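Everything on this sheet refers to the single structure shown next.
Where a number appears in this text, it was derived from the coordinates with a stated rule and is not lab data. Keep in mind it's a predicted model, so treat the numbers as computed, not measured. Reconstructed Cβ throughout: ideal geometry from the backbone, glycine too, with neighbour counts over all protein chains shown.
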Amino acid sequence: MTQNAPNRGPHTGRRGLLLGGGGLLLATLWPVKGLRADAGMLVEDSTAPFAPNAYIRITPDNRITLILPNIEMGQGIYTSSVMLIAEELGVDLNQIEMEAAPPGGGAEITGGSMSIMTEWKPLREAGAAARTVLVQAAAKRWNAKPESCTVESGTIRHLSGLRLTFGAVASDAAKLPLPKEPQLKSAAQYRLIGKPQHRLDSVVKVEGRAVFGIDVQIPGQKIGTVAASPVIGGTLKDFNRDAAMAVPGVVAVLVTDAKDAVCVVGDHYWAAHKGLMALHPEWNEGENAKVTTQTVYDQLHDGLKGPAIVPTSKGDAPAIIAKSHAHYSAVYQQPLLAHSTMEPINCTAHVRPDGCDVWTGTQVADRARDTAAEITGLPKEKIAVHSQYIGGGFGRRLEHEYITQCVQFAKQVPYPLKIVWSREEDITRDRYRPAYVDEVTAGLDEKGHVTAMTHRVVGPAVVARWDPPELTKEGYDEDLSVGTLITPYNYPAYRLEFARREAPGVITAWWRGVGGTRGLFVVEGFIDELAGRAGVDPVAYRREMVKDNPRALAVLDRVAKEAGWNTPLPQGRARGVALQFAFGSYMATVAEIEMPENNVVIIHRVTAAVDCGQVVNPDQVISQIEGGLIFGFSAALYSEITLKDGWVEQKNFNTWRVMRMNEAPRRIDVHLMESSEDPGGIGEVGTAAAAPALANAMAAAQGHRYRTLPLLSPRNLEKEAAK
Amino acid sequence: MLTLRVNGQTHTVDVEPDTPLLWVLRDVLGLNGTKFGCGIAQCGVCTVHLDNRPVRACVLPVGEIGNRAVTTIEALDEADPVVHAVKKAWIDLDVVQCGYCQPGQIMAAVGLIRSTPNPSDEQIDSAMSGNMCRCGTYMRIRKAIHQAAGDVA
Ligand code: FES
Ligand code: FES
């Protein structure tokens, strides 16, 4: 397979995909929430106009191309999507070429661990539908029955030994009606699914040939770097244009209409960077200049009292708690987090009177197109969005404000303009994972078992800004339920509450596993506390609670066995466990650590058992769990965005600490459970497991618990020192 | 005007001598395999070889390079047994995720194996800790370096 680096020149919009000659073009609607996945499937002769957004294209010369809207951010989604189609189509992975689809029907959103979950059926059906008509076309030519034909490696064979390639019958197949319910293989027939396949994007990435957004080179392009108001809502007060223009290589200084950002453009980044330093922008900071980290936390703690939305309730939990033998409460606090994807934010745009091209890494290509249309005043058909490889998404590229910003600058100049944010800009003008405060209360019987549980979440509703119709009538953001409402534990009575508090002076956003990451730190920490109070081993305590949940029980037992939970620990070490059901997958995790000093955590070993349903590409699932855990450990130990006078205090990797290789676990063992359930998500699962497993291990090591993240914050360590 | 030797070719570039090599590679010569991550020698995604040794291109002013040879990911010589073994191990073990840090990781790994043919975990950690990976591919990088070192030996 070749990865077409979609680094096309201007003027190649969607029509660039149309074929000159005949062939089979199977178009399907990419699955989105609320749309029946099979509703849009159709076969068209390739010269017809089309509106769907994912395609299988087979040309008479037997080239098989998949055109998928999904964006590769590292989760290996290209590979697994291709596997699903190829499995049913009956082709080998190395026979396939890939293209990125242009924005289409509002479906190009890659996030929320949903890719494999939403694609699982439709992509196999698309492959099966294409195979069905190809076989029919071949059978017709041979005057044979389709049942007497088999398919392998893009070739149709008849019992008699006759053979035709897909390409040879592609035009005929395009004229046949598609089967309503294409016959899918049984799991026993899989040749690709469930068998480890190498990533299809490895080679280009290893050779440094993968084109990320920041690498786009458009003839005539200039490079700009940006300073936006460091305080949300601020505007430009003053800047030294002459000094900036005097820097060799600087060609322009551009300001947005709202005067909330300025861009210095140069022949290369260094000229632009020096120009921006010389420009020395000053700001009218406005209202939010008063905001500090404490303002954010105070406002969250305030939400622990007073009215709240009740998204779910089972039994009368507060009344049961009041009558219980004992009750116990704890408050957990979690900070604002930046994404700091390895590839800093960037976007390239070329605005012309007759059209606009945008080259960028985005998880929301359709929003990119819409914002460009709005800013340029051009009709949507005149906007072409060229999606590039993404150097880390983690939710950051579900935002498109940097595309809006780029087009605002680019429309002021005739040349293609690439904006590249400095790392400082990337961290200080991020849209952050919200800070949260949670309070959990359990009613307990004589043995310390839970009789009822209440859980209040205080924080913003990210979806209210990001996708307002998704906010429930009551004002609830269902993302908050992950790991909170949906737990492996079947509490006898339960009440979940949400008190919405939008952080002042910051914009909050999605972040790898946001709801689950928040929820599990609280729930799994609290369950550990309850086990401790009951004097019961944390695994045994959880086992009792999930005894009627076979998938949860199985991962817990497996991890306990593989991690040697019941075996003695080497001197100075401690273990912590966490159990979860999140993003459609079950996982149990054991972290084995050592704390030679209060501020040093050595993660010796992490063991995980994962049941994510039918596994498509096992080694890539393991890779995602490993990476997800490390991403989560990094945040849990070190990460907190703080604000002073409205400014973000962390600026670059010297003040925003990210886990490095010498701090990474010595060893991670991931065990995948056999399962034929529909696939669950995986990209965010490991991240969500990290903080609770680690915090529980640290509590075991230290004999007391940090309920505030990050675990190694000065706040926690000072308390430690004061002891 | 400055003269630079990059990937075996001599280039004359019209930039200020304080311009870091990274931006000359990327924005002047169009060699975009070398990445930008921090600009302050913290992350390692800009790692290139200067006379065969890994350096951070984001803090290396072109005016200080002189006649020394610059090698970037694009020109790592496949015929070199270390390069071949490193790339092969990376592909065998499917190390990459988003891939953005990987050119820098590979340049650092090649440099490490050249200077320390059979590195221990500790030596790998200390040589590679300047190369961040936000996707968290560290486990596989460690393994790949061991495998590559074994293949070369
Ligand atoms: S960009 Fe050079 S070390 Fe980060
Ligand atoms: S693979 Fe994404 S940053 Fe390393």
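Numbers for the structure displayed
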| item | result |
| --- | --- |
| Percent antiparallel among DSSP beta bridges (both partners in chain B, rounded to 5) | 85 percent |
| For region A:404-448 and region A:620-687, distance of Cα centres in Å | 16 Å |
| Cα gyration tensor shape of region B:81-152, rounded if a/c is under 1.5, else prolate or oblate by comparing a/b with b/c | oblate |
| Region B:57-153 - percent relative contact order, Cα under 8 Å, separation 6 or more | 37 percent |
| Percent antiparallel among DSSP beta bridges (both partners in chain A, rounded to 5) | 75 percent |
| Förster radius 51 Å - calculated FRET efficiency between A:Ser160 and A:Glu381 (Cβ-Cβ, nearest 0.05) | 0.55 |
| Region A:116-157-region A:530-556 distance, computed between alpha-carbon centres (Å) | 47 Å |
| Beta bridges by DSSP in region B:2-75, antiparallel share as percent, to the nearest 5 | 85 percent |
| Mean separation of Cα contacts under 8 Å, 6 or more apart, over the residue count of chain A: relative contact order % | 14 percent |
| Within chain B, helix-based [θ] at 222 nm, where runs of 4 or more DSSP H residues each add -39,500 (n - 2.57), nearest 500 | -10000 deg cm²/dmol |
| Trypsin sites (Lys or Arg not before Pro) within region A:536-576, DSSP loop, no more than 11 other Cβ atoms inside 10 Å | A:Lys547 |
| Partner chain coverage, peptide A:245-257 - average Cβ within 10 angstrom | 1 |
| In region A:247-323, chymotrypsin sites (Phe, Trp or Tyr not before Pro) in a DSSP loop with at most 16 other beta-carbon atoms within 10 Å | none |
| Per-pair calculated FRET efficiency, R0 = 35 Å: B:Asp14 and B:Arg53 via Cβ, rounded to 0.05 | 0.80 |
| Selection of trypsin sites (Lys or Arg not before Pro), region B:65-153, meeting DSSP coil and at most 16 other Cβ within 10 Å | B:Arg68 |
| R0 of 35 Å, Cβ-Cβ distance A:Ala322-A:Glu718: FRET efficiency to nearest 0.05 | 0.45 |
| Which listed pairs, of A:Lys195/A:Lys561; A:Lys259/A:Lys644; A:Lys259/A:Lys380; A:Lys382/A:Lys473; A:Lys237/A:Lys274; A:Lys447/A:Lys719, have C-alpha distances above 30 Å, in listed order | A:Lys382/A:Lys473; A:Lys447/A:Lys719 |
| Sites excluded, GluC sites (Glu not before Pro) in DSSP loops with at most 14 other C-beta within 10 Å, longest stretch of chain A | A:1-445 |
